[in-house]
Amino acid sequence: MDYSQAIELLYNSLPVFQHMGPGAYKPGLDTSRRLDDMAGNPHRAYPTIHVAGTNGKGSTAHTLAAILRSAGYRTGLYTSPHIYDFRERIRVDGEMIEEQAVVDFVERWIEARDSNLGLSPSFFELTSTMAFEYFARKKVDVAVIETGLGGRLDSTNIITPILGIITNISLDHTSLLGDTRAQIAREKAGIIKPGVPVVIGECDDETEPVFRDTAAAVGAEIHFAGPIEGRVESDCNMYPSTPFGPLRGELRGECQRRNTATVLKAVEVLRHSFDISDEAVARGIGNVTGLTHLFGRWSRVAEAPLTVCDTGHNQGGWELIINELKNIEQRPRHLVMGFVADKDLGHIFDLIDEVKDDVTLWFSGPSSQRGLPASELAAKAAERGLTGYVEQDVNVAVSRAREMAGDEGFVLIAGSNFLIADLQKIK
């Protein structure tokens, strides 16, 4: 078996949320525990940090991994989904898992499956086990683990971390997690473990009681990240006054200021277990993409015109995207968007409506089998009074938008991870 065959088996023989949507969701931890037993309980070989939340958990996980690596710790990082290559999900010190390691794991899984263990894991259950085992084999000092969906019943929730983090709560995957912020908060709060401290990034009157009550019930020390002073500059976020001294944050935008507040509070707690200097914090926050290869969070992909992509795909993500778009100084501004077919777009359309008079809209579509065709997206938008250009191929849409924007303009590509994955290098 070669790598392409191993990936094909993972994608085609298992329920994959990226491909199937909610139909691939398997709540419950029994299968994950049995897989973990089969692998020898590898996650117990190293301390873990568990990151949940609706938005910002990827940026938070990557930034924490960058700081820990800068502090000299061999650091595992498990995130999802990937954009271009499956191996992006599993990294040690920023380096993707080797192709042969993926092949070896899949071959061993096939052998175990054929031994009539009666296991029928989902894609995420199996790949979580792959990550846990890989980190143990690589003898990491610590691993940062991002939940996939929810928290309480997420397959990563078999771990007992040294720290839990919940970034924020927004309405997303409501058919699976609940249709109120409090219900979703209860699912995310499921990662809170007895005696394990938890950091809450953002909360409100509806979600804070959920977190406090859950932490109190299990005897977990709870910490809340407060706001930090910061200003957005052309290529970074500057934080002039933090407990770690002045910091330059590579990840820019208002949303990253909130994520950074969460990260800094987490580092304060982690200092009880790890030697993390102020210099390590500065290095990690200042070079997240170089240390972890994070992509798709207000990432610049070209200049003249300035062209940015963002994988924000739910209401909370788009609230931040629209706020950023309002503050863009470059003119004219163009927005290229695309989504999966099962996405509830009502709230997102309401947000786009706030900028429709000042921003040229482009309706595109991911090439994924779950992608919503550009023509259908445009028709749905038109029902809400939103009109624009229709171009199924995102690369054609971006090329045309950049040409119309001119050197002084701005182009944003946002929506589904699949849409960003379709992007080709802009010449």
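Derivation of every value follows stated rules applied to the coordinates shown; laboratory data play no part. Computed from a prediction, not measured in an experiment: that's the story for all the values here. A quick note on method: Cβ atoms are made from the backbone with ideal geometry, for glycine too, and the neighbour counts reach across all protein chains shown.
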- With springs only between Cα atoms under 10 Å apart, run a GNM on the chain and tell me which of PHE244, PHE295, PHE135 wobbles the most. PHE244
- Message: Mean-square fluctuation check for the chain, GNM, Cα pairs under 10 Å: which of TRP318, TRP109, TRP298 is largest?
- Response: TRP109
- Hits in segment 256-285: amide N under 19 Å from the 7 Å Cα→Cβ extension of LYS326, namely 256-259
- Rounded to the nearest 0.05, what FRET efficiency do GLU279 and GLU229 give with R0 = 22 Å and r taken as the Cβ-Cβ distance? Could you check? 0.60
- Message: Given R₀ = 60 Å, what would the calculated FRET efficiency be for ARG74 paired with THR387, taking r from the Cβ atoms and rounding to 0.05?
- Response: 0.70
- With a Förster radius of 35 Å, plug the Cβ-Cβ distance of ALA216 and ASN41 into 1/(1 + (r/R0)^6) and report the FRET value to the nearest 0.05. 0.75
- Item | Contour excess over end-to-end distance, with Cα ends at ALA341 and THR180 and 0.36 nm allotted per residue | 55.8 nm
- Mind running the shape call on segment 215-351? Use the C-alpha gyration tensor, a ≥ b ≥ c as the square roots of the eigenvalues: rounded below 1.5 for a/c, prolate if a/b tops b/c, oblate otherwise. oblate
- Message: Cut-off is 10 Å between beta-carbons; in what order do THR262, THR156, THR307 appear when sorted fewest neighbours first?
- Response: THR307, THR156, THR262
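Once you order the gyration tensor axes a ≥ b ≥ c over the Cα atoms, which shape class does segment 164-281 get: rounded for a/c under 1.5, otherwise prolate or oblate by comparing a/b with b/c? Don't skip to the answer; put the middle values down first.
Working: a/c = 2.68, a/b = 1.43, b/c = 1.87.
In terms of gyration-tensor shape, oblate.
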- If each of GLU354 and ASP205 carries a label point 7 Å out from its Cα toward its Cβ, how far apart are those two points in nm? 2.0 nm
- Rounded Å value of the spacing that divides the Cα centres of segment 260-317 and segment 383-427: 25 Å
- Message: In the chain, if the dipole is taken from +1 on Lys/Arg beta carbons and -1 on Asp/Glu beta carbons about the Cα centre, which of GLY346, ALA65, HIS43 is farthest to the positive end?
- Response: HIS43
- Note on the structure: Cα extents of the chain along the principal axes, largest first, in whole Å, come to 57, 52, 40
- Item | Full-extension gain in nm, PHE295 to GLN424, via 0.36 nm per residue minus C-alpha separation | 45.1 nm
- Message: Springs between alpha-carbon pairs under 10 angstrom, Gaussian network model over the chain: which of GLY415, GLY296, GLY219 fluctuates most?
- Response: GLY219
- Collect residues whose amide H, placed 1.01 Å from N in the peptide plane, falls under 5 Å from the amide H of VAL301; neighbours closer than 5 in sequence don't count. THR307, VAL308, CYS309
- Taking 0.36 nm per residue of separation between LYS139 and ASP2 and subtracting their Cα-Cα distance, the length gained on full extension comes to 46.8 nm
- Message: Around GLU229, under 15 Å between beta carbons, what's the net of Lys plus Arg minus Asp minus Glu among the other residues?
- Response: +3
- Debye, to nearest 20: dipole size of the chain, +1 on Lys, Arg Cβ, -1 on Asp, Glu Cβ: 620 debye
